[in-house]
Amino acid sequence: MDKEFAVNSDGLHQAVELMRRDFSKLEVLDLPVELPELGIGSTNALNSLAPSILGGAARLGEVTSFAHMDPPTPWITWAVTLWNASLNQNLLHPATAPVARQMEQRVVAWLAPFFGMNGGHMTPGSSLANLTALWAARECAGIAEVIASEGAHLSIAKAAHILGLKFRTVPIDAMGSMDAAQLPSDMSKSALVLTVGATSTGAIDPLGMTGRAAWTHVDAAWAGPLRMSKYANLLDGIELADSVAVSAHKWLFQPKESALVLFKDTEKAHAAVSFGGAYLAIPNVGVLGSHGATATALLAMLLAWGRQGVAQRVEHCMDLAHRLRDFVAADDRLVLYAEPQTGIVLWRPRDETLFDHVLQQLPVGSTSTTSIAGGKWFRHVAANPSADIDILIGNIHGALAERF
Ligand SMILES: Cc1ncc(COP(=O)(O)O)c(C=O)c1O
């Protein structure tokens, strides 16, 4: 056997040890411009890449990390992802992934009922989950256009473009939610996309509109997991949708690339997006061909934590967002964009000329920025259960103290 393909306990142990090392003084590897003729060996490659790959990465689990929808991942997912990489199963072929396919079905069966859906499959992200859902909508409901709010994720416009469908936007209200009063009265040829947790603002579109169009798709990429927590009722109405997208690599703490597209009538939707092939034992469902056993890491975490473990972490993230909201709301030098609906907090200094000054004082990775109707806002996303909000508040205080 070629030993490069066998379990190398020392090598893997070394890889784990390197994860503990502090590479904060970044030594970026001077990579050869051209593919080397001779390799340096796996252990040497690991050692020389570690400072760049490990030291050069943003640490999403740092106490100051609060900027994006990208969470840290729990260690059980690292272990299962290692197994997946070693096995390299392909869920396209039942013969190469007999059990992994069942695990994907099980994880979908665990999660779909929270959203009132009866099945679905995994995709590498919600961009593809949205595309798959709208593809099914075109095939099953004969839709000719996609309607979404101005705050909808760009993947919706992209999906409409790929599918040759017209794309129409509806204005948002002061909270960032779709202004339902501006929806067209006739949506008999439309797919209506409602967002639960808009990318910039975290706003929730009026889920009461679910079912008013030929097809309703709910893009719950970010905030879907709230449905598993004490905030479940924020998503009431989602159960009437025809399809739902949820990114597991966002608030379900999964390594990328992990998401779900879920359907109300999975048999019909899957049949509409399936192709057979002479070399296939079963039809290929959805956009992907070969795809891996991403579901096993999600299943492992759900088995380890249970629903309560997910709820506890998502609720803790919501608490962090609420603490930041309270701080901003109580300081009249600051303006809150709106009451945060799903763990995303937007604010700015009342004196907008201070925007760049304040941004420079905030820890790297703590803050992203977004613009809404021409106005610039600081954006914080409560994706990191280990974030220490007192540090962030202290930094904001410090930045303001210098100028007031
Ligand atoms: C509301 C919403 N929908 C869809 C997406 C796309 O998801 P992904 O990045 O998993 O492809 C995002 C990503 O941020 C999002 O915020």
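A few points about this structure:
- Flag for Lys264 being more than 15 Å from Asp205 (Cβ to Cβ), within 13 Å of the ligand (Cβ to nearest atom) and open to solvent by 30 Å² or more (accessible area, probe 1.4 Å): no
- Residues of the stretch 233-243 include at least one that is at pLDDT 95 or above, within 16 Å of the ligand (Cβ to nearest atom) and either open to solvent by 20 Å² or more (accessible area, probe 1.4 Å) or at positive phi (or both).
- Extreme residue, nearest to Ala223 (Cα to Cα), among residues of the stretch 27-62 that are open to solvent by 50 Å² or more (accessible area, probe 1.4 Å) and touching a residue at least 60 places away in the same chain (Cβ under 8 Å): Leu60
- Test: Ser177 is of a type in the set (S, T, N, Q), touching a helix residue (DSSP H, G or I) at 6+ places or on another chain (Cβ under 9 Å) and open to solvent by less than 60 Å² (accessible area, probe 1.4 Å): no
- Screening the stretch 141-160 for residues that are in contact with a Phe, Trp or Tyr (Cβ under 7 Å, 6 or more places away or on another chain) and part of a helix (DSSP H, G or I) and picking the one that is nearest to the ligand (Cβ to nearest atom) gives Ala157.
- So His217, is it in contact (Cβ under 8 Å) with a residue 12 or more places away in the chain, within 16 Å of the ligand (Cβ to nearest atom) and over 24 Å from Glu145 (Cβ atoms): no
- In the stretch 244-260, the residue that is nearest to the ligand (Cβ to nearest atom) out of those that are aliphatic (A, V, I, L, M) and more than 10 Å from Val218 (Cα to Cα) is Ala259.
- Taking the stretch 184-210 as the range and being small (Gly, Ala, Ser) and within 14 Å of the ligand (Cβ to nearest atom) as the test, the residues that pass are Gly197, Ala198, Ser200, Gly202, Ala203.
- Checking each residue in the stretch 357-391 for being aliphatic (A, V, I, L, M), open to solvent by 10 Å² or more (accessible area, probe 1.4 Å) and not in a loop (DSSP other than H, G, I, E, B) picks out Leu359, Ile372, Ile391.
- Any chance Ala144 is assigned by TED's automatic domain parsing to the domain that holds Phe263, under 19 Å from Ala214 (Cα atoms) and open to solvent by less than 30 Å² (accessible area, probe 1.4 Å): no
- Residue that is open to solvent by less than 60 Å² (accessible area, probe 1.4 Å), out of contact with any Phe, Trp or Tyr (no Cβ under 8 Å at 6 or more places or on another chain), not β-branched (Val, Ile, Thr) and not assigned by TED's automatic domain parsing to the domain that holds Ile393, where the choices are Ser65, Ser24: Ser65
The values are calculated or read from the model by the stated rules, or taken from the named source; none is laboratory data. In this text, all values refer to a predicted model and were calculated from it rather than measured experimentally. Cβ coordinates were reconstructed from backbone atoms using ideal geometry, including for glycine residues, and neighbour counts include every protein chain displayed. Keep in mind that these areas ignore ligands, DNA and RNA; they rest on the heavy atoms of the full protein, side chains included. Shrake-Rupley method; radii C 1.70, N 1.55, O 1.52, S 1.80 Å.
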